[in-house]
Amino acid sequence: MAILASRATRPVRWRRHLRAACFWLALALGTSAMAKELAEQLAYLLALPPLALAIRECIRAMGARESGRLAERVADKLTNALGPEYVVLTEYAPRGGTGVVPVIVVGPSGISAIETLGDGAAYGCYSDGWHRIEAQGLHHLPDSPSRRARENAARVRSDISGGGHIRTIVDAYVLIERGTGADCASSTVPVVCGIEALAERLRSRTPRSQVSPRQVQAVTDALTRPLAVAV
């Protein structure tokens, strides 16, 4: 069986936020310099909006870098655990939308969109409401990993369908990389603890139809190349 290219380019999403932060910071400094030149105290207020935007983009850059590192770590370990028959993509940006899908796996057992949680914490979930179990009590998460996973799977399926694979089904998973999720049985998507456990689950799935390496590569091309068509 042919060996497929199983890694995408290293994500650089955080760099875009960093460049935006540099732009807004330069604008804020330029506005301050102009205010100093004009000797107008009120003119300094014009520097506040770009300064606030620069701070916001810096915070986004740090968050994107951390999530990118998590996606890379998970993808590297999944690639080694699954073998050359599978393709693992990181931080896929669905077309016509915002945000990214942390990890996508394409292989003989199907296609999966994976939402990742990297904290070594204990998680609980009731339907799509998630919380972290701490000594002080429950800390409710502002966003639902299972809802994001389900929505991301739908977006990935839409992009693959646009590449000619109309009947392709994309499954959604939540991966708790280092923590535990003993109270997640009511999650609307499967929750798996540990990369090895996820790899085993993906390998053990019965494929809906016989999938060749060529078909796996064609689906990957539909995601990574806008003009790709099913073969």
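The values are calculated or read from the model by the stated rules, or taken from the named source; none is laboratory data. From a predicted model like this one, the values you see are computed outputs, not experimental measurements. Using ideal geometry, Cβ is built from the backbone for each residue, glycine included, and neighbour counts are taken over all protein chains shown. Calculation scope for accessible area: heavy atoms of the full protein, side chains included, ligands and nucleic acids excluded. Shrake-Rupley method; radii C 1.70, N 1.55, O 1.52, S 1.80 Å.
Quick notes
- Residue that is farthest from R16 (Cα to Cα), among those in region 92-108 that are touching a residue at least 60 places away in the same chain (Cβ under 8 Å) and crowded, with 24+ Cβ neighbours inside 10 Å: G107
- Selection count where residues are acidic (D, E) and at pLDDT below 85, scope region 58-117: 1
- Residue ranges of helices (runs of 4 or more DSSP H) in region 132-231 with at least 3 members open to solvent by 80 Å² or more (accessible area, probe 1.4 Å) and modelled with pLDDT of 85 or more: 145-162, 195-204
- Qualifying residue in region 72-91 (condition: open to solvent by less than 30 Å² (accessible area, probe 1.4 Å) and assigned to a loop (DSSP other than H, G, I, E, B)): yes
- First in region 109-120 and among the polar types (S, T, N, Q), second anywhere and modelled with pLDDT under 90, Cβ under 6 Å, 6 or more apart: S109/R205; S109/P207; T116/L70
- Annotation note: of A61, A33, the sole residue that is open to solvent by less than 50 Å² (accessible area, probe 1.4 Å), in a helix (DSSP H, G or I) and among the small types (G, A, S) is A61.
- Checking each residue of region 178-187 against the condition of being over 14 Å from A113 (Cα atoms), touching a helix residue (DSSP H, G or I) at 6+ places or on another chain (Cβ under 6 Å) and polar (S, T, N, Q) gives at least one match.
- Subset tally (residues that are under 22 Å from R16 (Cα atoms) and of a type in the set (A, V, I, L, M, F, W, C)) for region 26-46: 4
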